[in-house]
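Notes for the one structure printed next.
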Amino acid sequence: MTEQTPPAYAGPARVLSGVQPTGALHLGNYLGALVKFTRMQHETETFIFVADMHAITQWQDPKLLTAQVREITAAYLAAGLDPKVATIFPQSAVPAHAELAWVFNCVARLGWLDRMTQFKDKAGKHKERESVGLYTYPVLQAADILLYKATQVPVGEDQKQHVELTRDIAQKFNHDFEAPGFFPLPEAMIAGPGARIMSLRDGSSKMSKSDPSDYSRINLTDDADAIAQKVKKARTDAEPLPETLDELKGRAEALNLLGIYAALDGRTSAEVLTEFAGQGFGAFKPKLADLAVAKLGPVGEAMRGFLADPAEIDSILTAGAERAREVAAPTLHQVKKIVGFWGD
Ligand code: AQP
């Protein structure tokens, strides 16, 4: 006898994503995440949170954390998120994230978490010194997503594995608790040239907030001079740009700068290549610097404008948190019933 396919999730499409308030945002966060959030808010109901509970999986100075939450919110608004359209909120203001994460801690298997490459990258050789929270981070992420029954998760490529784990958790929950179709199996929305922006100093590692070299990344708050300097000093090779992407194999730094240009300009890397084929980086880099300044300058300026009015940011976060709690409450209530917890 063949096993019957369980009924699929039948609820509405929803978008959810977030960014950790762990430092200044960079071009990778902007292209891999913020630009997508902004686009998707007009297509589908969208929830965007500031992941302060994730942030404390590694030490954060309590005196700075609230300011960092406001800074991420300012970046969201500067990138074009509209609080009248999308729900923007701090994760810690919705306790249901932690409650659902506990249930999911009991659904997820140790073997699944052992495979998570981000934990291995962040923990390095001394995993026994890391917090338990860093290890179970992807489980909390699954709770973030499934609490709102989100179906689409716009993220950079580094988060793909975590969204796959979320699907595994949703599937196992639906199966084990005989609740077919209760949780959706969300899709990571990764495609596009901004999906994996690499360090300007090393084309084999991703652009990252925690890289000790500030020259490895372009921060959203960098001024025009800093952006131009960083592009100028970005590592490249002596070869001119070829005619096809295939010919860029093995030239990680060149491919990265081309991808950044394409993502900023809303084109594909192949299209940009047709414009610059045959030219060296001496000609390409100034054009890239001009484009980066033109695209990111207004974002940085808008961020500074929003940050000048922290009371307005706080009122956006307070209203967003209230809306998020309203949407989260029925899911958590149903989960408790499904699991068999005491209560009505
Ligand atoms: N280099 C990148 N290229 C494309 N997308 C990226 N993202 C991060 N780096 C790149 C995406 O940005 C979103 C928010 O990331 P996060 O701050 O929540 O976590 P992260 O991935 O840990 O970001 P960082 O900057 O790399 O921080 P550290 O150095 O602390 O690890 C996510 O959608 C992520 O995919």
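Things to note:
- In region 287-295 there is at least one residue that is loosely packed, with under 14 Cβ neighbours inside 10 Å and either within 25 Å of Ile72 (Cα to Cα) or in contact (Cβ under 8 Å) with a residue 60 or more places away in the chain (or both).
Residues are listed down the side, and each one gets a yes or a no for (1) crowded, with 24+ Cβ neighbours inside 10 Å; (2) more than 8 Å from the ligand (Cβ to nearest atom); (3) not in a loop (DSSP other than H, G, I, E, B):
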{"position": "Ala8", "(1), (2), (3)": "no, yes, no"}
{"position": "Pro12", "(1), (2), (3)": "no, yes, no"}
{"position": "Leu16", "(1), (2), (3)": "yes, yes, yes"}
{"position": "Thr22", "(1), (2), (3)": "no, no, no"}
{"position": "Gly32", "(1), (2), (3)": "yes, no, yes"}
{"position": "Arg39", "(1), (2), (3)": "no, yes, yes"}
{"position": "Trp59", "(1), (2), (3)": "no, yes, no"}
{"position": "Thr66", "(1), (2), (3)": "no, yes, yes"}
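- Sole exception among (1) open to solvent by 50 Å² or more (accessible area, probe 1.4 Å); (2) over 15 Å from Thr236 (Cβ atoms); (3) touching a helix residue (DSSP H, G or I) at 6+ places or on another chain (Cβ under 8 Å) for Trp342, by number: (3)
- Output for region 168-218, where each listed residue is within 16 Å of Ala150 (Cα to Cα) and under 17 Å from the mean Cα position of the chain (by Cα): Pro186, Glu187, Ala188, Met189, Ile190
- Helices (runs of 4 or more DSSP H) contained in region 91-198 and holding at least 1 residues within 14 Å of the ligand (Cβ to nearest atom) and modelled with pLDDT of 95 or more: 117-123, 132-147, 160-176
- Within region 274-285, the set of residues being touching a residue at least 24 places away in the same chain (Cβ under 8 Å) and of a type outside the set (Lys, Arg) comprises Thr274, Phe276, Ala277, Gly278, Gln279, Gly280, Phe281, Phe284.
- Qualifying residue in region 316-327 (condition: surrounded by 15 or more Cβ atoms within 10 Å (Cβ to Cβ) and farther than 21 Å from Ala51 by Cβ): no
- Annotation: of all residues in region 41-57 being within 12 Å of the ligand (Cβ to nearest atom) and assigned to a loop (DSSP other than H, G, I, E, B), the one that is nearest to Ile88 (Cα to Cα) is Ala51.
- Whichever residue in region 217-253 is under 23 Å from Leu296 (Cα atoms) and touching a Pro at 6+ places or on another chain (Cβ under 9 Å) and, among such residues, is least open to solvent (accessible area, probe 1.4 Å): Val231
The values are calculated or read from the model by the stated rules, or taken from the named source; none is laboratory data. Note that the structure is predicted; figures quoted are calculated from it, not measured. Using ideal geometry, Cβ is built from the backbone for each residue, glycine included, and neighbour counts are taken over all protein chains shown. Side chains included, ligands, DNA and RNA excluded: accessible areas come from the protein's heavy atoms. Shrake-Rupley method; radii C 1.70, N 1.55, O 1.52, S 1.80 Å.
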